[in-house]
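Q: A single structure is presented below for examination.
The values are calculated or read from the model by the stated rules, or taken from the named source; none is laboratory data. Since we're looking at a predicted model, the values are computed, not measured. Reconstructed Cβ throughout: ideal geometry from the backbone, glycine too, with neighbour counts over all protein chains shown.
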Amino acid sequence: MAIHPRDHSLNFRSLALRGLVASLAVLLTACGTSGVQESADEPALRQQNQSEYRQLLAEAYQLSFTLDFDRLRRAYAESSEYNPYGGMKLDGLPEAYGSVERADFQECLRNVDKVLKHNYMSLEAHMIGVVCSGQAGEFEREDQHRYMVEGLMTSIENSGDGKSQESAFFTISTSELRGFVRLKGLQVLDQSIVYDKQGIYDKMQVRDPESGEEYPLFFNVSQQFAQGSGGE
């Protein structure tokens, strides 16, 4: 993925500041959680995966053209740093949203930094970071946030089409799910949890405000439920 400073010809999911501020008024309900007991071998495995996650994260910091975001997301979900909420329960994210609404973009970036210091995988934090860094004229930083948003969004989009449980989008955190829906510009009308033998799904009834079309979207949230109790 090529990153060009100040190249606003890149299609950033039609994320205009006005549209984002309007969407912040509707907060999606967090997915429910349930704990899982670890076996004796799991701590060592999670430590190994944490190392892999950190190696891949180093590539993300460098805006690597070859970074596999599918692998990055898997390694993150298997690491001891995994937060199934993805930022929602970390200090800074609610404040960042509030800063956008007040058009205080430097304060917004300070709050985004709070989130990313503990969880660089928060799609919402990077989404807000694109808006605030662009408005603040910090274009190199805007490219960093844009790189993460585009990579995470593409990885989610490639996981399915969301039209059914069988082809559900695979998300690993509440922040991914919330950010994905917002970046698509969709309005959430209803939300429920459904189950089958293959996993746990968040079913969202959404509306496209441009066309007025309403339809369900399915997200596989099994990963979040499996380790949700550890993501405070």
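Q: When the residues of the stretch 196-208 are filtered to those that are part of a loop (DSSP other than H, G, I, E, B) and modelled with pLDDT under 95, which remaining residue is nearest to residue 157 (Cα to Cα)? Working first, answer last.
A: Taking the stretch 196-208 as the starting set, the residues that turn out to be part of a loop (DSSP other than H, G, I, E, B) are 197-198, 208.
With the extra rule that they be modelled with pLDDT under 95, the set shrinks to 197-198.
Values: 197: 23, 198: 20 Å.
The selected residue is 198.
Q: Can you pull out the residues in the stretch 158-169 that are more than 27 Å from residue 96 (Cβ to Cβ) and surrounded by fewer than 23 Cβ atoms within 10 Å (Cβ to Cβ)?
A: If the condition is that a residue be more than 27 Å from residue 96 (Cβ to Cβ) and surrounded by fewer than 23 Cβ atoms within 10 Å (Cβ to Cβ), then 158, 160, 161, 163, 164, 165, 166, 167 are the ones that fit.
Q: Is it the case that residue 212 is assigned to a loop (DSSP other than H, G, I, E, B), surrounded by fewer than 21 Cβ atoms within 10 Å (Cβ to Cβ) and in contact with a helix residue (DSSP H, G or I) (Cβ under 8 Å, 6 or more places away or on another chain)?
A: For residue 212, the condition - assigned to a loop (DSSP other than H, G, I, E, B), surrounded by fewer than 21 Cβ atoms within 10 Å (Cβ to Cβ) and in contact with a helix residue (DSSP H, G or I) (Cβ under 8 Å, 6 or more places away or on another chain) - is not met.
Q: Answer yes or no as to whether residue 165 is closer than 21 Å to residue 84 by Cα and either in a strand (DSSP E or B) or in contact with a Pro (Cβ under 6 Å, 6 or more places away or on another chain) (or both).
A: no
Q: Name, by its number, the condition in (1) buried (at least 23 other Cβ atoms within 10 Å of the Cβ); (2) of a type in the set (S, T, N, Q); (3) touching a helix residue (DSSP H, G or I) at 6+ places or on another chain (Cβ under 7 Å) that does not hold for residue 119.
A: Among (1) buried (at least 23 other Cβ atoms within 10 Å of the Cβ); (2) of a type in the set (S, T, N, Q); (3) touching a helix residue (DSSP H, G or I) at 6+ places or on another chain (Cβ under 7 Å), residue 119 violates only (3).
Q: State yes or no: is residue 98 small (Gly, Ala, Ser) and more than 22 Å from residue 151 (Cβ to Cβ)?
A: Values: small (Gly, Ala, Ser): yes; more than 22 Å from residue 151 (Cβ to Cβ): yes.
Yes: the conditions hold for residue 98.
Q: So which helices (runs of 4 or more DSSP H) stay within the stretch 24-112 end to end and still have 1 or more residues that are at pLDDT below 90 and either touching a strand residue (DSSP E or B) at 6+ places or on another chain (Cβ under 7 Å) or acidic (Asp, Glu) (or both)?
A: In the stretch 24-112, 42-61 are the helices (runs of 4 or more DSSP H) which contain 1 or more residues that are at pLDDT below 90 and either touching a strand residue (DSSP E or B) at 6+ places or on another chain (Cβ under 7 Å) or acidic (Asp, Glu) (or both).
Q: Got at least one residue in the stretch 175-190 being touching a residue at least 60 places away in the same chain (Cβ under 8 Å), of a type in the set (Lys, Arg) and not in a helix (DSSP H, G or I)?
A: For the stretch 175-190, residues touching a residue at least 60 places away in the same chain (Cβ under 8 Å), of a type in the set (Lys, Arg) and not in a helix (DSSP H, G or I): present.
Q: Have a look at 181, 131 and point out the one that is of a type in the set (Val, Ile, Thr) and within 21 Å of residue 208 (Cα to Cα).
A: Going through 181, 131 in turn, just one is of a type in the set (Val, Ile, Thr) and within 21 Å of residue 208 (Cα to Cα): 181.
Q: Something else now. Return yes or no: is residue 199 touching a Ser or Thr at 6+ places or on another chain (Cβ under 7 Å), more than 23 Å from residue 104 (Cα to Cα) and surrounded by fewer than 19 Cβ atoms within 10 Å (Cβ to Cβ)?
A: So residue 199 passes the test.
Q: Name the residues in the stretch 170-187 that are buried (at least 21 other Cβ atoms within 10 Å of the Cβ) and basic (Lys, Arg), would you?
A: Passing the criteria: 178, 182.
Q: Could you tell me whether the stretch 94-106 includes any residue that is over 19 Å from residue 170 (Cβ atoms) and buried (at least 23 other Cβ atoms within 10 Å of the Cβ)?
A: Among the residues of the stretch 94-106, at least one is over 19 Å from residue 170 (Cβ atoms) and buried (at least 23 other Cβ atoms within 10 Å of the Cβ), which makes the answer yes.
Q: Here is a list: 195, 147. Which entry is closer than 26 Å to residue 96 by Cβ and of a type in the set (Ser, Thr, Tyr)?
A: Only one candidate qualifies: 147.
Q: Within the set of pairs 6 or more residues apart or between chains, which connect a residue that is assigned to a loop (DSSP other than H, G, I, E, B) inside the stretch 128-145 to a residue that is buried (at least 17 other Cβ atoms within 10 Å of the Cβ) and of a type outside the set (Val, Ile, Thr) with Cβ atoms less than 6 Å apart?
A: Pairs that qualify, where the first residue is assigned to a loop (DSSP other than H, G, I, E, B) and the partner is buried (at least 17 other Cβ atoms within 10 Å of the Cβ) and of a type outside the set (Val, Ile, Thr), are 136/105.
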